[in-house]
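Just below is one structure, and these are the notes that go with it.
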Amino acid sequence: MHKIAFKSLLNRKLTVALSILTVALSVLLLIGVERLRTEARNSFSNTVSGTDLIIGARTGSVQLLLYSVFRVGNATNSIGWDSYQKWAKDERVEWTIPVSLGDSHKGFPVLGTSTDYFKHLKYAEDQHLQLAQGKVFSRTHEAVLGANVAKKSGYLLGGKIVLSHGSGEGAMSEHADQPFTIVGILAPTGTPVDDTVHVSLDGLTAIHEGWESGSASLLSTAGVLAADENRAVPLPVTITAFYVGLKSRTSLFGYQRAVNQYREETLMAIMPGVALSELWQLMKIAEQALLVVSGFVMIIGLLGMLTALLTGLNERRREMAILRSVGARAWQIFVLVMGETLLLVGVGIAAGVSLLYLILVTFRPVLREFYGMSIAINPPSSAELLMLLATLIAGALIGAVPAWRAYRMSLSDGLSQQS
């Protein structure tokens, strides 16, 4: 029976190949969407690690997370430097990272910060930022580029860049009088850090002297700084937000409550993990929609395979009758057709999974470079294995239909001529 089944499949190469291709493409889409959804969530979660709280002006927790970590959107308000210093010097705090946003360079966001950014900021599973080339900025007009900024723009160490006032399409005016020297390039992280230009808070403060009205003032003496790096730079008046690492996790809620109740200024302290959970709740509908679409594609693929099997079964009625005539029993015919169906579904699943990993290996660098998504090449997860098992079971149910029809075929029906 095994040899007969194998020769029968070889005799129907085109139909078999199309059935396998249909199942493979359906599995590719179903598992691919699940893998992208999972990795996208992991990528978001891995963007900031080891940070207990993020503090900014009072707004929505998701909005604060988006603009302070993912550089998406703009802050509704800034926070005073005095407020930052007060909470940074709290006895419960181990370290802080001030961040100031609002400027850009060729569409890339510019982040003003301190050298603590490179010491304490972590991503993924507590990985520190690493320099691929150069060093961390130490002077006013020095910049450290994210990996994608350097790669896409072709920048090298020692090059000069000019920052623009504002971000996105609103970046109209350039600080051309005060270019920055590239002193460092960070190693890729798969996070928004790769698409960011990092400068010191002193540097941002220096280039904005005389820009209180939103453009350069004729009375501004800021250009002097471009020639005199030793000139004292005033402290920043405001910053966008700051990250906080506490000495003990037990003090987290008390510190957060104290910040939120601060009367001198309306501040808001959020836990990154909680804000991420809220963000994914907002995106849950889109995730479910993708899974539903993938499920329907799988169903359509299996129905297409069923149609091909039923069509082929009508052409195999004489074959079934001959098998019955040489001693094959009705249940053996059922098992034969059922086995062929499971074989086609199994090969289709294996082909779909193999195709998925081939695509991941091929396009992983592209996804990391252009979309900031680092997809790990891991074995199928438990959720993916359940999906594959469900596909195999669904294939078995689909295969039971033509198998039952073959079971019911009579010998006389198979040998008689059909008009």
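A few points about this structure:
- Each Cα pair under 8 Å and six or more residues apart adds its sequence gap; the mean of these over the residue count of the stretch 53-270 is a relative contact order of 31 percent.
- Net lengthening on full extension, T115/R41 (0.36 nm per residue, minus Cα-Cα): 23.8 nm
- Length available on full extension from Y357 to S153: 0.36 nm per residue minus the Cα-Cα distance, which gives 70.4 nm.
- Between the beta carbons of L310 and N77, assuming R0 = 51 Å, the FRET efficiency works out to 0.20 to the nearest 0.05.
- Cα-based convex hull volume of the stretch 53-270 per residue, rounded to whole Å³: 126
- Once both labels are positioned 7 Å from their Cα atoms along Cα-to-Cβ, the gap between V162 and A396 label points is 7.0 nm.
- Global form of the stretch 13-146, assessed from the alpha-carbon gyration tensor, a/c cut-off 1.5: prolate
- Among the listed pairs K106/K160; K86/K119; K122/K160, those with a Cα-Cα distance over 18 Å are K86/K119; K122/K160.
- Highest-first packing order for the peptide set 279-288, 240-249, 47-56 is 47-56, 240-249, 279-288, based on the mean count of other beta carbon atoms within 10 Å.
Here, each number is a calculation from the coordinates, and none is a lab measurement. All figures in this text were calculated on a predicted structure; none of them were measured in a lab. Virtual Cβ from ideal backbone geometry, glycine too; neighbours counted across all protein chains shown.
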